[in-house]
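This report refers to the structure that appears directly beneath it.
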Amino acid sequence: MKYFQELTTALARLDYAQLEALRAFVRDCTGTLWVCGNGGSMATAQHWACDLSKAAGRRVQTLGSNPAVLTAWANDNDYAAALGAELSRLARPGDRLLCISCSGASPNIHWALREARARDVPVALVTSALYQGDDTPSLAVRVPATHYGIIEDCHLAIGHWLTERLRNDR
């Protein structure tokens with residue numbers, strides 16, 4: 001029961017201004033919205049990409065979703081560089097990057113943030129209270145929690161909220 005109480009508290013304490021800024025970030029993307037994550041957050045990124053492209057009518061791609069490309073970059077360079085390297089080859093004017101990471105501390109997420117910035121691609125990070133990164137993105141949405149399960153559940157809820165809001169904007 002404690003888990004559900006913590007989840008309810010975290011959801012209730014989300015910063016609505018940050019959520020609206022995230023909505024505007026995605027809504028105003030004129031190119032491809034690149035989404036990425038690591039581990040469980042990769043699954044969340046793929047879920048968001050599915051929902052945002054289908055229900056909200058956005059052009060969305062998930063970095064690292066092609067295992068051949070991901071492992072080729074990881075093998076030839078470094079796993080930390082894999083997402084950023086893919087973005088460096090594919091990003092175009094008008095594109096945006098949305099990273100999902102519980103801690104925001106994964107080297108591959110940091111690398112993707114740096115690659116995006118080097119190409120003038122605006123970046124949003126959906127993360128948590130654990131985030132203490134140096135790579136401050138254009139926008140950071142922080143879930144007010146430190147328990148990974150709570151954070152991941154909130155990230156999924158944010159994705160569903162975002163999809164619903166964008167669907168209604170059309």
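The values are calculated or read from the model by the stated rules, or taken from the named source; none is laboratory data. Predicted model only: the values in this text are computed from it and were never measured. Please note: Cβ atoms are built from the backbone with ideal geometry, for glycine as well, and neighbour counts cover all protein chains shown. These accessible areas exclude ligands, DNA and RNA; they are computed on the full protein's heavy atoms, side chains included. Shrake-Rupley method; radii C 1.70, N 1.55, O 1.52, S 1.80 Å.
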Near-label residues of the range 11-50 by backbone N, under 18 Å of a point 7 Å along Cα→Cβ of V69: 31-39, 42-50
Low-density loop cleavage sites - trypsin sites (Lys or Arg not before Pro) in the range 4-41, where at most 15 other Cβ are within 10 Å (DSSP): R13
Average accessible surface area per residue within the range 53-163, 1.4 Å rolling probe, Å²: 44
Highest-MSF residue in the chain out of L97, L33, L156 [GNM, Cα springs under 10 Å]: L156
Solvent-accessible ranking of K2, K54, largest area first, probe 1.4 Å: K54, K2
Zero-based 5 Å bins, Cα pair distances in the range 86-170, whole percents: 3, 15, 23, 20, 19, 14, 6, 0
T62 long-range amide H proximity, modeled H, under 5 Å: V35
Computed [θ] at 222 nm, helices only, for the chain once each DSSP H run of length n ≥ 4 contributes -39500 (n - 2.57): -17000 deg cm²/dmol
Nonlocal amide H pairs with G94, under 5 Å, H built at 1.01 Å: none
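More than 16 angstrom separation, counting every C-alpha pair in the range 80-128; what % is that?
Numbers: 353 of 1176 pairs.
Here the long-distance tail beyond 16 Å is 30 percent of all Cα pairs in the range 80-128.
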With every protein chain in place, the chain: carbon and sulfur % of accessible area (1.4 Å): 52
D15/R89 FRET efficiency (R0 35 Å; Cβ-Cβ; nearest 0.05): 0.55
From phi via Karplus (6.51, -1.76, 1.60), per-residue ³J(HN,Hα) for the range 98-103 in Hz, x at Gly/Pro: 10, 9, 10, 7, 4, 9
Where Rh is the Kirkwood radius over Cα pairs, Rg/Rh for the range 15-93: 1.01
log₁₀ of I(q)/I(0) at q = 0.09, 0.14, 0.17 Å⁻¹ - the range 24-170, Debye sum with one point per alpha carbon: -0.24, -0.60, -0.90
